[in-house]
Amino acid sequence: MKTSDLFVKALENEGVEYIYGIPGEENLDFLDSLRGSSIKLILTRHEQAAGFMAATYGRLTGKPGVCLSTLGPGATNFVTSAAYAQLGAMPMVMLAGQKPIRKSKQGRFQIVDVVGLMKPITKYSEQIVDGNNVPSMTREAFRLAMEERPGAAYLELPEDIAEEDTDATVFDVVGHRRPSPDVKSVDAAVEMIQNAKMPLLLIGAGANRKMAGKALTRFVDKTGIYFFNTQLGKGVIDERHDKYIGTAALSADDYLHCAIERADLIINVGHDVIEKPPFFMEKGGKKVIHLNFFPGQMDDVYFPQLNVVGDISASIWDITDKLSMPEDRDYSYFQRVRDEVESHITKYFEDERFPMLPQRLVATLRDKLSDEDIVTLDNGVYKIWFARNYKCYQPNTLLLDNALATMGAGLPSAMAAKQIHPDRKVVSINGDGGFLMNSQEIETAVRMKLDLVVIILNDSAYGMIKWKQEGVGFENFGLDFKNPDFIQYAESFGAIGHRPTSSEDFNQILDTALNSPGVHLIDLPVDYSLNHSILNVLIKESACII
């Protein structure tokens with residue numbers, strides 16, 4: 001068979017359902033082979049968006065999402081998506097075409113060393129130079145993309161190799177079970193937890209990735225230990241739990257950092273160095289147990305005293321079985337911190353001002369969405385409000401990016417989430433700046449017949465940077481812009497546009513959008529005027545003496 005036919009069979013063998021992307025002339029053999037395949041091609045309007053969709057597929061399913069581009073400018077458009085998947089630990093495989101490698105008739109036209117370009121931001125980046133190598137290279141790309149820590153892989157298929165004949169056959173897909181932790185490390189963890197007076201549990205990105213919620217909930221219920229999470233650890237334990245203190249949306253100086261300062265032991269589950277550290281270690285200070293699939297990476301602010309290495313769920317389960325907690329523990333301080341956090345984040349939930357406060361938006365969405373519904377975030381200052389204020393009841397129901405933290409990913413991420421979970425409501429939250437970076441995908445969403453709600457938080461500026469600019473005392477400069485008429489823009493793609501004029505109007509429009517078919521775009525004026533007065537003075541109010 002042709003190499004391109006074999007390549008498609010290898011992808012089918014890996015269980016690939018969708019390929020997102022934009023083919024070029026270098027992909028024509030592959031495209032023809034794909035035509036008779038069980039794999040569905042989702043044609044996007046930009047390669048970057050295709051990469052974001054593939055990465056989100058990987059994030060939600062645990063299987064590599066796949067995206068496709070042509071050579072040169074198509075493949076280089078994958079760079080941000082590759083970094084997004086690699087830093088965010090989302091399994092993804094990128095496929096790209098290339099000019100013939102045996103004989104060139106066009107010199108160096110459009111040829112970039114994309115394989116070399118991708119090597120620093122992927123786990124695997126290779127060009128297929130012989131059709132007989134397709135089975136092994138495909139299997140290796142998918143294996144590495146899925147293996148802890150998950151990430152991105154890149155395969156390049158030149159057009160002359162694609163049309164060659166081969167008699168190779170696909171490899172079996174062989175999985176493996178993750179190892180359980182060493183018994184001695186479990187016993188050491190049990191001893192440290194039992195000897196601690198004020199232990200805290202921290203849930204990070206790695207725990208969310210493997211759905212360790214059942215084991216962690218059992219641990220908290222048995223021990224009574226309070227917990228907090230990073231932004232990428234949200235929802236692993238239901239955040240309605242009475243031991244949940246909050247989410248570390250800021251690096252320091254939030255109310256929950258008072259609890260972190262008081263703790264003498266942090267049980268750090270699923271820690272990932274790509275997230276901003278929610279606490280800083282000092283020599284002679286609090287002790288840290290690092291519990292993950294791999295040992296902790298040492299640096300100036302993170303040097304755990306114990307590594308428990310192995311499957312996260314198995315590690316927590318074994319520790320919980322062996323723990324016998326002292327009855328004289330006094331966690332009343334952590335409870336006071338929890339009460340303070342709860343009072344603070346709910347303060348503006350019923351505020352009627354318009355343009356709308358992001359806190360009110362968070363409350364409105366949480367009230368209208370069920371436990372399993374999904375909110376996806378682009379990147380902007382509103383991400384802090386959602387991380388702090390939006391309680392997650394299940395894993396991966398608030399899809400935010402606290403790794404690469406790129407703008408432009410919110411809409412494509414929502415599209416993939418809705419495709420994977422058509423029975424759930426999906427809402428995409430975007431700043432006006434980030435939305436316009438991939439807004440062309442509204443057409444893709446309409447063509448896919450998705451039922452999707454897209455909310456644009458409109459402040460005619462790059463709001464996150466304006467907040468930072470104000471916070472350090474600089475004058476307002478260089479961050480304001482003008483927007484198109486988003487209603488007409490949405491309708492030109494076949495979507496339905498809405499522009500609320502009050503908080504109550506938004507409430508009614510959101511009801512309509514959530515319960516009607518089609519793509520609904522809501523142009524919502526937003527008021528960020530309280531960002532500085534709230535976020536920049538948190539610790540001054542509490543001073544950790546509550």
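The values are calculated or read from the model by the stated rules, or taken from the named source; none is laboratory data. For clarity, every value in this text was computed on a predicted model and none was experimentally measured. A quick note on method: Cβ atoms are made from the backbone with ideal geometry, for glycine too, and the neighbour counts reach across all protein chains shown.
Some values worked out for this structure:
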item: The listed residue being small (Gly, Ala, Ser) and farther than 30 Å from Asp272 by Cα, out of Gly58, Gly88, Gly131, Gly151; result: Gly131
item: Flag if Ala495 is surrounded by 15 or more Cβ atoms within 10 Å (Cβ to Cβ), in contact with a helix residue (DSSP H, G or I) (Cβ under 6 Å, 6 or more places away or on another chain) and outside the structural domain of His46 (by TED's automatic domain parsing); result: yes
item: Residue within segment 215-225 that is more than 20 Å from the chain's Cα centre (by Cα), in a loop (DSSP other than H, G, I, E, B) and within 30 Å of Ile128 (Cα to Cα) present; result: no
item: Pairs, first assigned to a strand (DSSP E or B) in segment 66-89, second among the charged types (D, E, K, R), C-beta under 9 Å, six or more apart; result: Val66/Glu14; Val66/Glu17; Cys67/Glu47; Leu68/Glu47; Ser69/Glu47
item: Residue list for segment 412-425, filter: buried (at least 24 other Cβ atoms within 10 Å of the Cβ) and either touching a Gly at 6+ places or on another chain (Cβ under 7 Å) or over 19 Å from Thr44 (Cα atoms) (or both); result: none
item: Matching residues in segment 376-406 - criterion: being over 18 Å from Tyr57 (Cα atoms) and of a type outside the set (Phe, Trp, Tyr); result: Asn379, Gly380, Val381, Lys383, Ile384, Ala387, Arg388, Asn389, Lys391, Cys392
item: Segment 230-285, subset within 17 Å of the chain's Cα centre (by Cα) and of a type in the set (D, E, K, R), residue modelled with the highest pLDDT; result: Lys234
item: Of all residues making up segment 170-186, the number that are touching a helix residue (DSSP H, G or I) at 6+ places or on another chain (Cβ under 7 Å) and either farther than 30 Å from Ile101 by Cβ or without any contact (Cβ under 8 Å) to a residue 60 or more places away in the chain (or both); result: 3
item: Neighbours by Cβ (under 7 Å, 6+ apart or cross-chain): first from segment 412-428, assigned by TED's automatic domain parsing to the domain that holds Gly58; second β-branched (Val, Ile, Thr) and crowded, with 20+ Cβ neighbours inside 10 Å; result: none
item: Given (1) among the β-branched types (Val, Ile, Thr); (2) closer than 24 Å to Pro395 by Cα; (3) modelled with pLDDT of 95 or more, index of the condition Val288 fails; result: (2)
item: Check on Pro100, over 12 Å from the mean Cα position of the chain (by Cα) and assigned to a helix (DSSP H, G or I); result: no
item: Qualifying position, being in contact with a helix residue (DSSP H, G or I) (Cβ under 6 Å, 6 or more places away or on another chain) and of a type in the set (S, T, N, Q), among Thr223, Thr166, Thr217; result: Thr166
item: Residue, surrounded by the most Cβ atoms within 10 Å (Cβ to Cβ), within segment 498-527, restricted to residues that are β-branched (Val, Ile, Thr) and out of contact with any His (no Cβ under 9 Å at 6 or more places or on another chain); result: Val519
item: Which listed residue is at pLDDT 95 or above and either in contact with a helix residue (DSSP H, G or I) (Cβ under 7 Å, 6 or more places away or on another chain) or not hydrophobic (A, V, I, L, M, F, W, C) (or both), from Leu28, Leu87, Leu60; result: Leu60
item: Out of Leu291, Leu361, Leu306, sole residue that is more than 24 Å from Tyr226 (Cα to Cα) and either in the same structural domain as Gly434 (by TED's automatic domain parsing) or aliphatic (A, V, I, L, M) (or both); result: Leu361
item: Hey, Gly380 at pLDDT 95 or above, in a loop (DSSP other than H, G, I, E, B) and closer than 21 Å to Glu441 by Cα or not; result: no
item: Flag if Ile225 is buried (at least 24 other Cβ atoms within 10 Å of the Cβ) and either in contact (Cβ under 8 Å) with a residue 12 or more places away in the chain or in contact with a Pro (Cβ under 7 Å, 6 or more places away or on another chain) (or both); result: no
item: Residue satisfying condition, being assigned by TED's automatic domain parsing to the domain that holds Gly72, outside any helix (DSSP H, G or I), touching a residue at least 12 places away in the same chain (Cβ under 8 Å) and not β-branched (Val, Ile, Thr), within set Ser37, Ser33; result: Ser37
